[in-house]
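Chemist: I am attaching a structure below and will ask some questions about it afterwards.
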Amino acid sequence: LRAGTSRFHTIAKRDSCGDFRRSLTAGPRIFRIARYSASSQPAMVPGMNPGTKPTAAAITKAEQRIDEIYPPSLKKAFAEHGLFTIGDPALPQLMFKMWPLDEHVTALAHYADELEVDPTAEAVAEAIGMEPLEVAVLADQILIGCEGYEDYIGFDLRTRHPQTHECEIGLVLRDDAEITALSEEETSPCEGSGFERWLAKYQEKRAKQGR
């Protein structure tokens with residue numbers, strides 16, 4: 001498995017957030033990873049609901065499918081908490097859900113599936129009226145879950161640390177005005193635990209919202 005540029009192999013054919021599928025009539029939606037810089041905190045957060053722990057074989061199979069290895073901190077989270085959720089199941093619009101491993105895909109592939117086009121930068125760019133060189137950055141975002149119905153969480157392959165293989169993990173915002181900014185964003189190798197940094201920021205966000 002490579003720890004560099006991603007190649008897409010399989011598209012998830014159903015809405016990965018559950019039974020909700022947003023209509024394409026709402027207009028183009030572009031993915032942007034929001035960087036977090038909070039210091040590392042303990043992995044547990046209020047409201048975390050542990051899930052089924054994937055086996056080593058299942059993780060390896062998923063890595064082979066996406067042609068990338070998971071950041072070590074994310075593998076540790078799988079081992080400690082399984083495919084967890086955070087929040088009240090009675091309020092799914094406010095709940096974070098880690099997807100099953102077979103639903104982890106690039107943002108490019110996920111978007112292409114919604115648009116019903118080939119999972120290439122050229123096809124997606126043509127469908128949304130943008131340049132392929134800008135849209136290509138979506139292939140570097142591996143989506144692993146979502147908060148509510150449309151705020152996705154993913155790890156950014158451009159931040160892969162050459163020694164530790166860590167990646168930054170962040171909130172994926174859907175705003176078609178942000179794709180150019182993402183493609184032009186300067187990145188650097190992830191230092192420390194990408195997962196714990198995201199989890200600390202998410203805990204802070206929930207606390208501010210009184211959740």
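The values are calculated or read from the model by the stated rules, or taken from the named source; none is laboratory data. Predicted model only: the values in this text are computed from it and were never measured. The protein model used for the area step is the full one, side chains on, heavy atoms only, and it has no ligands, DNA or RNA in it. Shrake-Rupley method; radii C 1.70, N 1.55, O 1.52, S 1.80 Å.
Chemist: List the relative contact order of segment 153-211 as a percent without decimals, with contacts defined as Cα pairs under 8 Å and 6+ residues apart. The partial results should precede the final answer.
Modeler: Values: 56 pairs, mean separation 20.7, N = 59.
The value is 35 percent.
Chemist: Next up: Kindly report the accessible area of segment 135-211 per residue (heavy atoms of protein chains, probe 1.4 Å, no ligands, DNA or RNA), in Å².
Modeler: Details: 2980 Å² over 77 residues.
Accessible area per residue: 39 Å².
Chemist: Provide the three semi-axes, in whole Å and in decreasing order, of the ellipsoid equivalent to segment 40-176 as defined by the square roots of 5 times the Cα gyration tensor eigenvalues. Please report the intermediate quantities before stating the final value.
Modeler: Working: eigenvalues 136, 68, 37 Å².
Taking √(5λ) for each eigenvalue gives 26, 18, 14 Å, largest first.
Chemist: Also, I was wondering about something else. Kindly report the accessible area of segment 82-131 per residue (heavy atoms of protein chains, probe 1.4 Å, no ligands, DNA or RNA), in Å².
Modeler: 41
Chemist: Working only with C-alpha atoms, what are the Rg and Dmax values of segment 104-211, expressed in angstrom?
Modeler: Rg and Dmax of segment 104-211, Cα atoms, are 14.7, 43 Å.
Chemist: Please report, as a whole percent, how much of the solvent-accessible surface of segment 71-211 comes from carbon and sulfur atoms (probe radius 1.4 Å). Intermediate results must be reported in sequence, preceding the final value.
Modeler: Values: 2870 of 5710 Å².
Taking all protein chains in place, segment 71-211 shows 50 percent carbon and sulfur surface.
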